[in-house]
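Trainee: My questions will all concern the structure given below.
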Amino acid sequence: MPPEAALLRANVSAPIAALLVALRQAGVTRIAEGRPLAQEVRWRIGGPADLLVEAESSTEVAACLRLARAHGVPVFILGDGSNMLMDSHGYRGLVLRIGRAMSALHIEGTRVICGGGLWVPRLALELARRGLTGLEHVAGIPGTIGGLVLMNGGSQRKGVGAHVRRVTVVTPEGDIRSLTQEEMAFSYRHSALQGRGCAITEVELELEPGDPAAIRREMIDILASRRRKFPKNLPNCGSTFLSNPAMYAVVGPPGKAIEEAGLKGIALGGAQVSPLHANFIVNRGGATSDEVLALIAHIRQTVHARTGYRMDCEARFVSAEGEERPAHDFTDAGRFDIGLLGRIAL
Ligand SMILES: Cc1cc2nc3c(=O)[nH]c(=O)nc-3n(C[C@H](O)[C@H](O)[C@H](O)COP(=O)(O)OP(=O)(O)OC[C@H]3O[C@@H](n4cnc5c(N)ncnc54)[C@H](O)[C@@H]3O)c2cc1C
């Protein structure tokens, strides 16, 4: 049976079936049909994606984006899935992964050129080996450089954006563009590319020469502190809520606010506010996206009632229909099973 017939039989929409044919004709080979997204993201939550492509080159990324647009199929760009809550109902579109197959690394002096799928811990290791300083704070962040740049991620209140010189992207129309640091408009855990549907295929960083032993020491200290503070055995997506500077000055970081509101350890089905670090929601097994969204709604509402501050989410939610925004946008709009709120328990 031709693959498009199999898809139609499996109740997949005609545009998806047509896109699959077009992708194959364009020479895209690494296509999975109906792959459970729970296998692809760190929270281990998410139903099947109609199509998932593991991109091998920027030309292939451009072809995927152009063809998906032509067929009216939504696309979600996935890195390592370390910051993502995927809908338990799955994804009715194309998930385009920029990962290991696009993870080249070239270092010339203090200039570092990374493929968009480069694994951040590998980058940190190479920087330490070469004695390049500036990004020690990213040691241990389990994502790709593309995802880190999009989120302007980092630790110790720093962001990777301070060291970004140039970002190469493929636009949703399939055009390749180069953006400067100014055009990326980095701010705390934010960049101009969020929500724009562009795929980051290459990142150029500029670092400073430093003492390899001192860099290694600092990274080891950071890794040890992460191991102490963060839950490691249960799937999670790192910090659920962003630190808000005004709230930080008065109440402290989100983890402290959540703990002081008595919410550490509360649970709903498979989802639980980590007993180790209250800004982490862990999947104890079989958690659904609605359970996580209900916990987020409850935490956000309770902390606001106690402190007057609204904590926004760092974690992003992708709906089955293809919308992607910070998770609290969906809870504020009541887009989860509100009946679950009554089942939250200690
Ligand atoms: C245990 C743990 C600890 C963490 N600690 C930290 C921390 O200390 N600091 C921190 O900042 N974050 C932390 N995170 C969150 C996460 O690791 C970072 O945000 C990470 O950089 C996201 O990268 P990713 O490849 O996993 O992106 P994903 O989670 O796959 O995606 C995140 C966003 O980036 C987009 N994206 C991903 N790749 C690309 C690309 N190539 N082009 C365009 N868009 C792309 C996605 O569409 C999505 O909007 C942690 C997560 C975990 C699980």
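Trainee: Could you tell me whether the range 189-198 includes any residue that is at positive phi, among the small types (Gly, Ala, Ser) and either open to solvent by 20 Å² or more (accessible area, probe 1.4 Å) or near the ligand (Cβ under 8 Å from one of its atoms) (or both)?
Mentor: So the first thing to find is which residues in the range 189-198 are at positive phi, and the list is 189, 195, 197.
Add one more test, that the residue is among the small types (Gly, Ala, Ser), and what stays is 195, 197.
Still in the list and also either open to solvent by 20 Å² or more (accessible area, probe 1.4 Å) or near the ligand (Cβ under 8 Å from one of its atoms) (or both): 195, 197.
Yes, the range 189-198 contains at least one residue that is at positive phi, among the small types (Gly, Ala, Ser) and either open to solvent by 20 Å² or more (accessible area, probe 1.4 Å) or near the ligand (Cβ under 8 Å from one of its atoms) (or both).
Trainee: Can I ask one more? Taking Ser82 as the residue in question, decide whether it is closer than 19 Å to Cys237 by Cα, touching a Cys at 6+ places or on another chain (Cβ under 7 Å), open to solvent by 20 Å² or more (accessible area, probe 1.4 Å) and not assigned by the TED database to the domain that holds Thr288.
Mentor: Working: closer than 19 Å to Cys237 by Cα: yes; touching a Cys at 6+ places or on another chain (Cβ under 7 Å): yes; open to solvent by 20 Å² or more (accessible area, probe 1.4 Å): yes; not assigned by the TED database to the domain that holds Thr288: yes.
The answer is yes for Ser82.
Trainee: Something else about it: Can you name the strands (runs of 3 or more DSSP E) wholly within the range 73-144 that have at least 1 residues being among the acidic types (Asp, Glu)?
Mentor: Working: elements: 75-78, 84-86, 91-97, 105-108, 111-115.
Correct list: 105-108.
Trainee: Out of all the residues in the range 202-220, which are part of a helix (DSSP H, G or I) and more than 23 Å from Gly161 (Cβ to Cβ)? Working first, answer last.
Mentor: So the first thing to find is which residues in the range 202-220 are part of a helix (DSSP H, G or I), and the list is 212-220.
Matches in the range 202-220: Pro212, Ala213, Ala214, Arg216, Arg217, Ile220.
Trainee: Moving on. Any residue that is part of a helix (DSSP H, G or I) and more than 16 Å from the ligand (Cβ to nearest atom) - is there at least one of those in the range 311-330?
Mentor: Taking the range 311-330 and keeping what is part of a helix (DSSP H, G or I), we get 327-330.
Adding the requirement that they be more than 16 Å from the ligand (Cβ to nearest atom) leaves none.
Checked the range 311-330: no residue is part of a helix (DSSP H, G or I) and more than 16 Å from the ligand (Cβ to nearest atom).
Trainee: Could you count how many residues in the range 249-300 are within 16 Å of the ligand (Cβ to nearest atom) and part of a helix (DSSP H, G or I)?
Mentor: Residues in the range 249-300 being within 16 Å of the ligand (Cβ to nearest atom) and part of a helix (DSSP H, G or I): 5 in total.
The values are calculated or read from the model by the stated rules, or taken from the named source; none is laboratory data. What you see is a predicted model, and the numbers here were worked out from it, not measured in a lab. Because the Cβ atoms are built from the backbone with ideal geometry, glycine has one as well, and the counts that use them run over all protein chains shown. Calculation scope for accessible area: heavy atoms of the full protein, side chains included, ligands and nucleic acids excluded. Shrake-Rupley method; radii C 1.70, N 1.55, O 1.52, S 1.80 Å.
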